[in-house]
Structures are given as structure tokens and as C-alpha cells.
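Notes follow the structure.
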Amino acid sequence: MAALMAINAILTVVATYAGLRAYEAFFKSEPNPALVIWSAHIAMFWRLGIGGYTAGLVTVLVFTLASRSFSLATRVTAVLVPVVGAMIAIQGAFLP
């Protein structure tokens, strides 16, 4: 069950990062993180921090779901892996 929780935590961080980057690209005028060398207030670190926080919340939900139905939790994770992979690929290709 710990591996399932870790996989979902990593997926959450990646999905949150891609979602926040897309939001900022379309609705805010943030600088492109690929062009910023270093800054203590760079948005990339904030997106990763929010992703880490969200991953902690999702880990509790995954633990609760897996304790009730482990097979359902693994099926949901199996569906989320390609979805999150597509999210980060699209974000990386079109919104660097």
C-alpha cells in the first residue's frame, strides 16, 4: 500500500505543477521559468511546494480508498498514470 501511496503522491505533484503552469500561462503574466536563472520567488518553486502539499492530502485519500478497496485504488492509479503523463507532456511541449 505504501508504494501505491507514493506513486499517487508523485502523480499529484506532477499534475499540480502542470495545472498551475497552464493556469499561469493563460491567465497570468508570469515569466517563463525556463528563462529565469535563479530567484527566491520564482513561480516554479511555489508550484512545486503547492504540489507537495496537495500530494500530502491525496496520500491520505489514497490510503483511505486503498484500505477499503485496494483493487479500486490500483485501477484508479493505472488510469491516472497515462493521464498525468499526457498532462506534463502537453505542458512541457506547449507551455514551457
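What value, in deg cm²/dmol to 500, does the helix sum -39500 (n - 2.57) over DSSP H runs of n ≥ 4 give at 222 nm once divided by the residues of the chain?
Values: 3 runs with 77 residues, N = 96.
Result for the chain: -28500 deg cm²/dmol, rounded to the nearest 500.
Pairs of Cα atoms nearer than 8 Å and 6+ residues apart set the relative contact order; for the chain it is 48 percent.
Which one, (i) 15.0, 46; (ii) 16.6, 55; (iii) 13.9, 47, gives Rg and Dmax of the Cα atoms in Å as derived from the coordinates shown? So the structure-derived entry is (i).
A short reminder: the numbers here are calculations on the coordinates, not readings from a lab. Note that the coordinates shown come from a computational prediction; the quantities given were computed from them, not determined experimentally.
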